[in-house]
1. Please enumerate, by chain and number, the aspartates and glutamates with C-alpha under 12 Å from the C-alpha of K78, excluding those fewer than 8 residues away in the same chain.
2. Hey, what does the equivalent ellipsoid look like for the chain, semi-axes from the Cα gyration tensor as sqrt of 5 times each eigenvalue, largest first, whole Å?
3. Stretched out fully, how many nm does the piece from E108 to N51 gain, at 0.36 nm a residue minus the Cα gap?
4. For the pair N12/K41, report the inter-label distance in nm, with labels modelled 7 Å from Cα in the Cβ direction.
5. Are any of the pairs K66/K87; K41/K102; K43/K70 more than 23 Å apart by Cα-Cα distance, and if so, which?
6. Could you work out [θ]222 nm for the chain from helices alone, using -39500 (n - 2.57) per DSSP H run of at least four and dividing by all its residues? Round to the nearest 500 deg cm²/dmol.
7. So which aspartates and glutamates pass the test for K8, namely a Cα distance under 12 Å, with those fewer than 8 places away in the same chain ruled out?
8. Are there any trypsin sites (Lys or Arg not before Pro) in segment 12-114 that are in a DSSP loop and have at most 12 other Cβ atoms within 10 Å? List them by number.
Amino acid sequence: MKSGIWIKLDANLELLEEPNLNAIPDFLIKDEPSNFITKQKAKEIAIQIFNGKNHTLSEPILEYSKKKEKYIYSIANKTIKINETKKIVELEIIELDVCTGKLINRYESYNGLIEK
């Protein structure tokens with residue numbers, strides 16, 4: 001897990017504002033074991049969510065969402081469709097809560113056009 005915080009200081013190295021610790025998981029602050037589900041468990045949940053339409057699943061990516069102020073796993077289900085002379089890569093992406101495994105968001109995207 002990679003994370004960090006910014007500490008804002010003035011020219012005299014005095015703290016200008018309290019650092020935002022939201023990106024640091026509580027279990028690290030409290031020196032407790034992780035309460036995040038494993039990548040393997042996240043992948044198993046993704047398989048269930050994609051209802052067996054598992055063309056090519058990506059490995060779960062652990063990331064901190066500033067917008068949601070929480071850690072999430074992002075997992076993509078990739079499908080390649082051939083359209084005349086081009087391949088179109090379609091992605092169905094889900095975001096899971098890292099503590100509960102619950103679905104937070106589901107959306108589609110494209111990975112551009114790839115020439116044959």
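Every number in this text was worked out from the coordinates using simple rules, so none of it is lab data. Since we're looking at a predicted model, the values are computed, not measured. No Cβ is skipped: glycine too gets one built from the backbone with ideal geometry, and neighbour counts run over all protein chains shown.
1. Filter leaves E59, E90, E92, E108.
2. Working: eigenvalues 264, 79, 18 Å².
That gives 36, 20, 10 Å for the three semi-axes.
3. Details: separation 57, 0.36 × 57 = 20.52 nm, distance 1.56 nm.
Computed gain between E108 and N51 is 19.0 nm.
4. That separation, rounded to one decimal, is 4.9 nm.
5. Details: K66/K87 34 Å; K41/K102 11 Å; K43/K70 19 Å.
Check vs 23 Å cut-off fails for K66/K87.
6. Working: 2 runs with 15 residues, N = 116.
After summing the helix terms and dividing by residue count, I get -3500 deg cm²/dmol.
7. Of all the aspartates and glutamates, those that pass the test against K8 - Cα under 12 Å, at least 8 places apart if same chain - are E17, E18.
8. On the way: sites: K30, K39, K41, K43, K53, K66, K67, K68, K70, K78, K81, K86, K87, K102, R106; in loops: K30, K53, K66, K67, K68, K102.
Passing both the DSSP loop test and the Cβ count: K30, K53, K66, K67, K68, K102.
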